[in-house]
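The values are calculated or read from the model by the stated rules, or taken from the named source; none is laboratory data. Just so it is clear, the structure is predicted and the values come from calculations on it, not from any experiment. Positions of Cβ are generated from backbone atoms using ideal geometry, with glycine treated the same way; all protein chains shown enter the neighbour counts. Ligands, DNA and RNA are excluded from the accessible area calculation, which covers all protein heavy atoms including side chains. Shrake-Rupley method; radii C 1.70, N 1.55, O 1.52, S 1.80 Å.
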Amino acid sequence: GESVGLHLPTLSVQEGDNSIINCAYSNSASDYFIWYKQESGKGPQFIIDIRSNMDKRQGQRVTVLLNKTVKHLSLQIAATQPGDSAVYFCAETTGGSYIPTFGRGTSLIVHP
Amino acid sequence: SAVISQKPSRDICQRGTSLTIQCQVDSQVTMMFWYRQQPGQSLTLIATANQGSEATYESGFVIDKFPISRPNLTFSTLTVSNMSPEDSSIYLCSVEDASSFEAFFGQGTRLTVV
């Protein structure tokens, strides 16, 4: 189940389920978006990115969807595994800036 | 990709003291950054470490509290000065790949001030 909050801070799923992690951003000028995964005791690790001229991008087991109309970003993880348990952050940049602005983060817990 | 070594990985410090965190990158990089991640929170940029010049600090962070050195293109230090319990946090070094916009992070330094 989900913990209900402004940005869904905790998401619990069963192994094998698909997970969807959501992120709302506020800057309509943002043109580049990134998802990071942060495991306990480690720094964030790049997962996938998407530019504002796209609305969908797929990687290995992950898909990022971008809805610029409502300023919403989502990360879909297919066939979630226990190793996917981590905190996931969305981040955005604007106008070629190298410095991402990080969202609050969602803790994903995968139960075997 | 860049491999970043950060040390110490964790420390417990007395209030009023200072701690210097080191960040070593395995390749020359132009952009190096320092972030703070408070418990259960997201990452907040402290400053951009500029090689050969003073660091560029974000709003709410000042050089006297967080002095930064960047002597070359592979190394930087962040000092947390005159620490208080409110400084307890994870401090992260990051570098940016100029060609891909991908950011790489060190494993972080978990600081506890008692």
Practice task
Hey, can you tell me all the residues within region B:51-77 that are under 13 Å from the mean Cα position of the chain (by Cα), under 26 Å from B:Asp26 (Cβ atoms) and charged (D, E, K, R)?
Solution key: B:Arg70
Practice task
Return yes or no: is A:Ser12 outside any loop (DSSP other than H, G, I, E, B) and either open to solvent by 40 Å² or more (accessible area, probe 1.4 Å) or closer than 26 Å to B:Thr44 by Cβ (or both)?
Solution key: no
Exercise for the section: Go through region A:83-109 and count every residue that is charged (D, E, K, R) and over 12 Å from A:Ser30 (Cβ atoms). Expected result: 2
Practice task
Report, by residue number, each residue of region A:49-72 that is under 10 Å from the mean Cα position of the chain (by Cα) and modelled with pLDDT under 95.
Solution key: A:Asp49
Practice task
Scan region B:1-17 residue by residue and report those that are outside any strand (DSSP E or B), open to solvent by 70 Å² or more (accessible area, probe 1.4 Å), at pLDDT 95 or above and not charged (D, E, K, R).
Solution key: B:Gln14
Fill in the blank from the handout: Filtering region A:53-112 down to residues that are in a strand (DSSP E or B), out of contact with any Lys or Arg (no Cβ under 8 Å at 6 or more places or on another chain), open to solvent by 50 Å² or more (accessible area, probe 1.4 Å) and of a type in the set (A, V, I, L, M) yields A:Ile109
Practice task
From B:Gln24, B:Gln28, grab the single residue that is open to solvent by 30 Å² or more (accessible area, probe 1.4 Å) and outside any loop (DSSP other than H, G, I, E, B).
Solution key: B:Gln24
Exercise for the section: Those residues that are open to solvent by 10 Å² or more (accessible area, probe 1.4 Å) and either under 15 Å from A:Gln76 (Cα atoms) or of a type in the set (Phe, Trp, Tyr) (or both), I need them from region A:25-47; list them, please. Expected result: A:Tyr25, A:Lys37, A:Phe46, A:Ile47
Fill in the blank from the handout: Of (1) at pLDDT 95 or above; (2) closer than 19 Å to A:Ser40 by Cα, B:Thr20 satisfies every one except (2)
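Every residue, every condition in (1) charged (D, E, K, R); (2) within 14 Å of chain A (Cβ to nearest Cβ); (3) out of contact with any Pro (no Cβ under 9 Å at 6 or more places or on another chain), yes or no:
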| site | (1), (2), (3) |
| --- | --- |
| B:Thr17 | no, no, yes |
| B:Val25 | no, yes, yes |
| B:Phe33 | no, yes, yes |
| B:Thr48 | no, yes, yes |
| B:Gly52 | no, no, no |
| B:Glu58 | yes, yes, yes |
| B:Phe61 | no, yes, yes |
| B:Leu73 | no, no, yes |
